[in-house]
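Structure first, then comments.
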Amino acid sequence: MQEFLDSLIAQGYFGSLPHTLVYAAGMLVFGLVVVFGFVLIVAGLTTWVERRVWARLQGRVGPNRVGPQGLLQWLADGVKCIMKEDVVPAAADARLFKLAPYVVVVGFLLAFVVVPFGSRPIIADLNVGILYLTAVTSLVVVGILIAGWASNNKWSMIGGIRAAAQIVSYEIPTSLSIMPIVLLTGTLSMQGIIAQQGWAPQDWFIFHNPFTFVAFFILYTSALAEGNRTPFDLPEAESELVAGFVTEYTGVRYLMFFLVEWGNLYVIGAIVTTLFLGGWQIPPITDNAVLRILLEFLTFFVKAYFWALVAMWVRGTLPRVRVDQLMAICWKYLTPIAFVNLLGTAVWITVWPQGNQVARYLMTLLGLALIVLFFRRVRFHLQRARIRERGQLSLNPLV
Amino acid sequence: MSLAGFEIDVQRSGSTGLETEEMTLNMGPQHPSTHGVLRFVVKADGEVMREAVPDVGYLHRSIEKISEKVGYHGFMPYTDRVDYVAAMFCNQGWAMVCEKLAGIEVPRRGEYCRVIAAELNRIASHLLFGATMILDIGAATPFVHAFRERERINDLLEQLCGARLTYNYMRIGGVAWDLPPGFADKTREFLDTFEPALDEFNDLITNNTIYVERLASIAPITAERAVSYNLVGPNLRASGMRYDVRRDAPYSVYPELEFDVPVGSGEVGTVGDCFDRYIVRIREMQESCRILRQCLDRIPEGPVIAKVPRKFRPPAGDAAVRVESARGDMHWYCVSDGTEFPYRTHIRTGSFGAMSIVNEASRGLMIADLVALIASLDVVAPEVDR
């Protein structure tokens, strides 16, 4: 973003305004464009996508009334939530109760400062990018804890405390799984990490060596836990805690929590895409700058959103773990394995500082084999379902 | 502690050096996982349960007393409301107790119609159990799959008696309507697709690692505890007691039918744990399918209802019958004084006993396990209070 503003300043667009002011204004404008032009729309559409995906998993139709295929359902829901009465319970700590959703939303929106949209468009390519990302996403837990405490509801409080324990614990495997990539690249900058990968799968960091391959899955799993997603949705476990920390919230404040939850899906996808899946890298097929930026954006978005879809699929499939099992998964399995990954990667780059090409291709083959196995499994179940439904199986996603 | 109040009873534990406060939580009557309107006053130390005192009575509708005012025939629709998830069994219990009072013989076809309706209803009830239990564990997809199958049973029962939930199908002396044309074929068709669907359901959730881990060895109830707390039906059988009224105190045409009585064996944990209570019901559905196929093959021709006077006045005396409902051994007791109205009716249901063991079985569990325990006991609120 800075280069773009620099070029504008060089062309004399801003006269004698101090450069800092121009940068600040530029950042603000671009930030607002990203928030209103991208984040809100993606989070909103994700609610629709999730409901439709979920419905198809469950043999239902899902929302299909508002707009074509129900595409505008999220707008209708949003408007409804804004119109609702904003209830603050009499016994709640009103100031904290009102503050909590903002803290959560701010923590979530701050993440988009370093999320890239292509090789050029990024609000700020901070040199501490990924560290900053893990730091600001932790702000969400503060908001959730405030929400749980200020509601003055015991179920909310249990939810808030569960969220705090869960998110703080899962920060550790998350950070430990990010570290191997930092070791490989020697940079924390999001764009720097992507720039060191290629467009082809064997150049992605997920297939760099066996340790990063495992680190990818640990990162994705613990990111799901940090985002309060099934099977780790304990803080708002409906059947146990009514609605956890959002129990007492209504209207637009309630909406804010869910905006964050759905928006977080994209952030999770963006993080794993940046670190492991080659980010916006595309093959050199065009010299047209605009077309290139568009293709890069599309590549990044598709990769990131794919992992959001996987999260929806997981949510439709798995039951919820118990709180002690949650902690056991984190401390007994993910954290030690993440440590091993970190050490293994360190040893790997000591032995092969430029990476091992053979290992890269082998890992890519392993990935391909996993995908093939997966599709064989899907085919097997489809055939069985066809037999049972006597050929009546509907695979049309648009009903 | 008192049930109505919410005084927080502070207990200091000096031995560990850590001071913890017990928290009193009010679970229900409006809570997503207290199916219906149950209430538990829960004392918890963080996530660990110390006590869960059930508070019953929120759905008490004096159904037994109503019978004294509406007469024998008129009480039949009210029995649907005793256990609205498995209303056929309540219908059958009331019909059987009246027949025993008056010494009425039910025609053979009527008995078969009853068993067909009751076993279909048992599958529907167990499907609802499985669906809600899995939903309580946190998975929503199997819920919809179970309800899809349950809808098909509802369609069948709707053809049979016009109602999908409160059937009012049976009458004193038999059943209200004969099987509609094509009913047997439709039921066979349903069974042909339901059995593979049940396998698919097991693939989807029963063998899921997280699900098994959540239920294995949670709140095991030994056979002795189960008997002393008066657990009945699948809850008792899950503890390893092979006791089924259909087999051990047979009524209707059950002696002529072949079926197994599945019991819990602790295949993933301890005998009588939540998983056993779940799997016993899944297996019972398979047994019900067997029973249904036999009934459909053997059903004789003939009338479905005996001749019973419209003004039904059984001779003075009392009678008690037992029915193996979806929730277990259901007792129906009726005293007649020779008039048109029962002198006294009493219904003893399985859910009431199941509620009483929650407190003991839940000690030391986590809050999430309490939800699993309540769900696994298959408590239906109106059956507790009547």
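Stokes-Einstein diffusion for the range B:195-284, with the hydrodynamic radius set to the Kirkwood value over Cα pairs and evaluated at 37 °C in a medium of 0.692 mPa s, equals 238 µm²/s. Take each residue of peptide B:365-372, count the partner chain Cβ atoms within 10 Å of its Cβ, and average: the result is 5. Under 27 Å of direct C-alpha separation, and excluding same-chain neighbours fewer than eight residues apart, B:K43 reaches these lysines: A:K154. Here the range A:1-79 is treated as a Stokes sphere of Kirkwood radius computed over C-alpha pairs; at 25 °C and 0.890 mPa s its diffusion coefficient rounds to 159 µm²/s. Within the shell defined by Cβ-Cβ distances under 12 Å, the residues around B:T222 carry a net charge of -3, with Lys and Arg each +1 and Asp and Glu each -1.
Across B:E267, B:E189, B:E284, mean-square fluctuation computed from a Gaussian network of chain B (C-alpha pairs under 10 Å connected) peaks at B:E189. With q set to 0.17, 0.32 Å⁻¹, the log10 of I(q)/I(0) for the range B:280-333, from the Debye formula over equal scatterers at the Cα positions, is -0.92, -1.14.
Each stretch of four or more DSSP H residues adds -39500 (n - 2.57); spread over every residue of chain B, this sum gives -14500 deg cm²/dmol at 222 nm. For the Cα trace of the range A:29-121, dividing Rg by the Kirkwood Rh returns an Rg/Rh value of 1.06.
The protein assembly as shown has equivalent-ellipsoid semi-axes of 58, 29, 25 Å, by the square roots of 5 times the alpha carbon gyration tensor eigenvalues, sorted largest first. Counting only residues at least eight positions apart within a chain, or on another chain, the lysines with an alpha carbon under 20 Å from that of B:K69 are B:K311.
Here the spin labels are modelled as points 7 Å beyond Cα on the Cα-Cβ line, and at B:E195 and A:L343 they lie 5.5 nm apart. Counting Cβ atoms of other protein chains within 10 Å of each Cβ in A:309-320 and taking the mean gives 4. Computed from label points 7 Å out along Cα-Cβ, the spacing between A:I41 and B:W177 is 5.5 nm. Relative to the Cα centre, the charge distribution of the range A:1-79, modelled as +1 at Lys and Arg Cβ and -1 at Asp and Glu Cβ, gives a dipole magnitude of about 620 debye.
Pairs of C-alpha atoms in the range B:28-154 farther apart than 19 Å represent 64 percent of all such pairs. For the range B:78-223, a Kirkwood radius taken over Cα pairs fed into Stokes-Einstein (25 °C, viscosity 0.890 mPa s) yields D = 146 µm²/s. GNM on chain A, alpha-carbon springs under 10 angstrom: the most fluctuating residue among A:P68, A:P101, A:P235 is A:P68. Local charge for B:V280 was computed over the other residues whose Cβ lies under 14 Å away, with Lys and Arg +1 and Asp and Glu -1, and equals -2. Per the Kirkwood formula on distinct C-alpha pairs, the Rh of the range A:84-242 is how many angstrom? Result for the range A:84-242 stands at 17.4 Å.
What is the mean projected area of the alpha carbon convex hull for the range A:140-227, to one decimal in square nanometres? Average projection, Cα convex hull of the range A:140-227: 6.4 nm². Of the peptides A:84-96, A:330-342, the order by per-residue mean of other Cβ atoms within 10 Å, starting with the highest, comes out as A:330-342, A:84-96. Shown for chain A are the DSSP H helices of 20 Å or more along their axis, judged by Cα atoms, with a mean Kyte-Doolittle hydropathy of at least -0.5: A:19-34, A:40-57, A:94-110, A:154-185, A:210-226, A:251-276, A:289-317, A:335-351, A:357-389. Taking R0 as 45 Å, what's the FRET efficiency between B:H60 and B:T209 from their Cβ-Cβ distance, rounded to 0.05? Efficiency at R0 = 45 Å is approximately 0.60. Peptide B:130-140 has a mean of 5 when you count, residue by residue, the C-beta atoms of other protein chains within 10 Å of its C-beta.
A Gaussian network model of chain A, with springs between Cα atoms under 10 Å, assigns the largest mean-square fluctuation among A:I178, A:I41, A:I122 to A:I41.
Percent of Cα-Cα pairs more than 24 Å apart in the range A:84-353, please. Everything past 24 Å amounts to 50 percent. The charge dipole of the protein assembly as shown, taken about its Cα centre with unit charges on the Cβ atoms of Lys, Arg (+1), Asp and Glu (-1) only, comes to about 1360 debye.
When shorter helices are ignored and each DSSP H run of at least 4 residues is given -39500 (n - 2.57), the per-residue value for chain A at 222 nm works out to -22000 deg cm²/dmol.
Peptides B:89-101, B:155-167, B:214-226, ordered by how many other C-beta atoms sit within 10 Å of their residues on average, highest first, read B:89-101, B:214-226, B:155-167.
Placing one equal scatterer on every Cα of chain B and applying the Debye formula, the log10 ratio I(q)/I(0) at q = 0.09 Å⁻¹ is -0.53. Note that the range B:105-309 shows a convex hull volume over its alpha carbon atoms of 126 Å³ per residue. Simple rule: put +1 on each Lys or Arg Cβ and -1 on each Asp or Glu Cβ in chain A, find the dipole, and look at A:V29, A:V87, A:L57; the Cα lying farthest toward the positive end is A:L57. Over all distinct Cα-Cα pairs of the range B:244-386, the Kirkwood formula returns a hydrodynamic radius of 18.3 Å.
Every read-out reported here was derived from the displayed coordinates using simple, explicitly stated rules and does not represent laboratory data. Note that the coordinates shown come from a computational prediction; the quantities given were computed from them, not determined experimentally. Note: ideal-geometry Cβ built from the backbone for every residue, glycine included; neighbour counts use all protein chains shown.
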